[in-house]
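Working notes, beginning with the structure itself.
The values are calculated or read from the model by the stated rules, or taken from the named source; none is laboratory data. For clarity, every value in this text was computed on a predicted model and none was experimentally measured. Neighbour counts run over all protein chains shown; Cβ positions are idealised from the backbone, glycine included.
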Amino acid sequence: MLICAATGNAGKLKEIRRILEAQGHQVKSQKELGITLEPEETGTTFAENALIKAKAICEASGLPTLADDSGLMVEALGGAPGVYSARYCGRHGDDEANNDKLLAELAGVEEGKRAAKFVSAVCFYLPEGRFVTYLGECPGRVIFERRGTNGFGYDPLFVPDEVGLAEGGVRPNSEGRTYAELEAIEKDAISHRGKAMALLDKNLAAFLNEG
């Protein structure tokens, strides 16, 4: 199936494409399809924002469209940055400034109180107007300084509780590696987006057949 990925985030697109292509689908980004529309994310939840993006880009592309809205929720900050993760610093998509603000907000918070989770809502929207949304979460903690270069966003500051295994399954993240220090196969098995996408893959055929 040819699917439009409703994102302008290169790191997110790479991850979505890697997961969907492994499932046998072909992925074109909205940029590759010549769509410059950037829907305003006015939702108060990840699921609401994912639906807003998926619907708008599906209508513009005429293709089945996948949109993801995701972010980091930190317990000590009352769930912030949450749906504002991409624009936490006041500018959209400035990863370095977002990370700097997160570290500043957590200054003085001791290691045992820096629990956090990444949350992803993945919405798959069809041109006929039907859609389905799945949620995925990855628990972990925020560390005190950036580590790793494999990720994007808050990945260099987030240590997940578990990592994936090449042969399948997961194990405890005993080395304390960040999202940005994991290999793709280690991250996809435990990541918030990977979990949401796995649910979509598991249920996609049944959803399509409903129509």
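Of all residues in the stretch 130-172, count the ones that are surrounded by fewer than 19 Cβ atoms within 10 Å (Cβ to Cβ) and among the polar types (S, T, N, Q).
Residues meeting the conditions: 2.
Hand me the list of strands (runs of 3 or more DSSP E) wholly inside the stretch 91-200 holding 3 or more residues that are out of contact with any His (no Cβ under 8 Å at 6 or more places or on another chain) and among the aliphatic types (A, V, I, L, M). First the steps, then the outcome.
Values: elements: 115-125, 131-142, 158-160, 162-164, 170-172.
Ranges flagged: 115-125, 131-142.
Just for the stretch 174-211: of the residues that are closer than 26 Å to Lys101 by Cα and polar (S, T, N, Q), which one is surrounded by the fewest Cβ atoms within 10 Å (Cβ to Cβ)?
Taking the candidates together, the pick is Thr178.
Suppose we filter the stretch 27-59 for residues that are among the polar types (S, T, N, Q), under 19 Å from the mean Cα position of the chain (by Cα) and surrounded by fewer than 16 Cβ atoms within 10 Å (Cβ to Cβ); how many remain? Walk me through it before giving the result.
Keep residues of the stretch 27-59 that are among the polar types (S, T, N, Q), which gives 29-30, 36, 42, 44-45, 49.
Imposing the further condition that a residue be under 19 Å from the mean Cα position of the chain (by Cα) reduces the set to 29-30, 42, 44-45, 49.
Adding the requirement that they be surrounded by fewer than 16 Cβ atoms within 10 Å (Cβ to Cβ) leaves 42, 44-45.
Residues in the stretch 27-59 being among the polar types (S, T, N, Q), under 19 Å from the mean Cα position of the chain (by Cα) and surrounded by fewer than 16 Cβ atoms within 10 Å (Cβ to Cβ): 3 in total.
Tell me, which residue of the stretch 10-25 that is out of contact with any helix residue (DSSP H, G or I) (no Cβ under 8 Å at 6 or more places or on another chain) and outside any helix (DSSP H, G or I) is modelled with the highest pLDDT?
Applying the filter and picking the extreme gives His25.
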